[in-house]
Amino acid sequence: MELEPVTLTTPRLVLRPLDPRDADAVHTAAQDPDVQRWTTIPSPYLPEHARNFIELLAPEGWATGSMFTFGVFLPDGTLTGVLSLTMRSPGTAEVGFWAAKEHRGNGYTTEAVLTSARWAFATLSVDRVEWRAEIGNTASRAVAEKAGFTQEGTLRSAIHNKGVRRDCWLAALLPSDLGLPSTAPYIPAPSRPPGATTGRSRAATTPPGDTTRPSGV
């Protein structure tokens, strides 16, 4: 699916495709140690990395319908962060984002996530937007919680970042969470009545003393 790049707006933000004039701002913001620690961008992050992403990778994503990248800007053109929706399977996209340090705490990223999700539900025939983050990335977790994502658990060894595999949190947002229709009917599994068993054999249950991380993003 090929789409022409689009611009999305809210009363506070402009989400538009990045272009070469944004390279310096992206490079500067990406020097933040937290951005390099918690995302999969190269470290150190050099000017050529910003140019390659803006001039090659991001446009290719739009052209192939595989990844839709937006710079998140204030109306005056100030970059507050970057957000991408990556198609993981038919009907499922994964949202990823980072925010410039000086613009955190204003709700810009949450607003951008919700705006892009609504666009994906309406335009991309997406019925599920996933969010994943390495366990410990509490800033990204807070954004997902504020955006209304439902926590679905922990995935082991699901993120590969700079040569190391790590566990991650998983959450998802559905069209119905925002009061929107889905492209295919969705029938949630019935809630398990109190006292009902899971149907697993005794051998499949968690051994005594073995605990898993609680769900949450």
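The values are calculated or read from the model by the stated rules, or taken from the named source; none is laboratory data. Since the structure is predicted, the reported quantities are computational estimates derived from the model, not experimental observations. Don't worry about glycine lacking a Cβ; one is built from the backbone with ideal geometry, like all the others, and counts go over all protein chains shown. In case anyone asks, the SASA skips ligands and DNA or RNA and just uses the protein heavy atoms, side chains included. Shrake-Rupley method; radii C 1.70, N 1.55, O 1.52, S 1.80 Å.
Of the residues making up segment 1-38, those that are part of a helix (DSSP H, G or I) and closer than 10 Å to Ala50 by Cβ are Pro20, Asp22, Ala23, Asp24, Ala25, Val26, His27, Thr28, Ala29. Can you pull out every residue in segment 80-109 that is more than 27 Å from Tyr186 (Cα to Cα), open to solvent by 40 Å² or more (accessible area, probe 1.4 Å) and among the polar types (S, T, N, Q)? Asn106, the sole residue that qualifies. Being open to solvent by less than 70 Å² (accessible area, probe 1.4 Å), in contact with a helix residue (DSSP H, G or I) (Cβ under 6 Å, 6 or more places away or on another chain) and modelled with pLDDT of 95 or more is a property that Ala50 has.
Restricting attention to segment 110-163, and to residues there that are assigned to a strand (DSSP E or B), among the β-branched types (Val, Ile, Thr) and in contact with a helix residue (DSSP H, G or I) (Cβ under 9 Å, 6 or more places away or on another chain), which single residue is most open to solvent (accessible area, probe 1.4 Å)?
Thr150
Looking at the structure I just gave you, is Ser43 among the small types (Gly, Ala, Ser), under 21 Å from Lys162 (Cα atoms) and out of contact with any Asp or Glu (no Cβ under 9 Å at 6 or more places or on another chain)? The answer is yes for Ser43. Could you tell me whether any residue of segment 3-15 is among the acidic types (Asp, Glu), open to solvent by 40 Å² or more (accessible area, probe 1.4 Å) and modelled with pLDDT of 95 or more? Scanning segment 3-15, I find no residue that is among the acidic types (Asp, Glu), open to solvent by 40 Å² or more (accessible area, probe 1.4 Å) and modelled with pLDDT of 95 or more, so the answer is no. Evaluate segment 61-72: report whether one residue or more is crowded, with 21+ Cβ neighbours inside 10 Å, among the aromatic types (Phe, Trp, Tyr) and in contact (Cβ under 8 Å) with a residue 40 or more places away in the chain. Yes: segment 61-72 contains one or more residues that are crowded, with 21+ Cβ neighbours inside 10 Å, among the aromatic types (Phe, Trp, Tyr) and in contact (Cβ under 8 Å) with a residue 40 or more places away in the chain.
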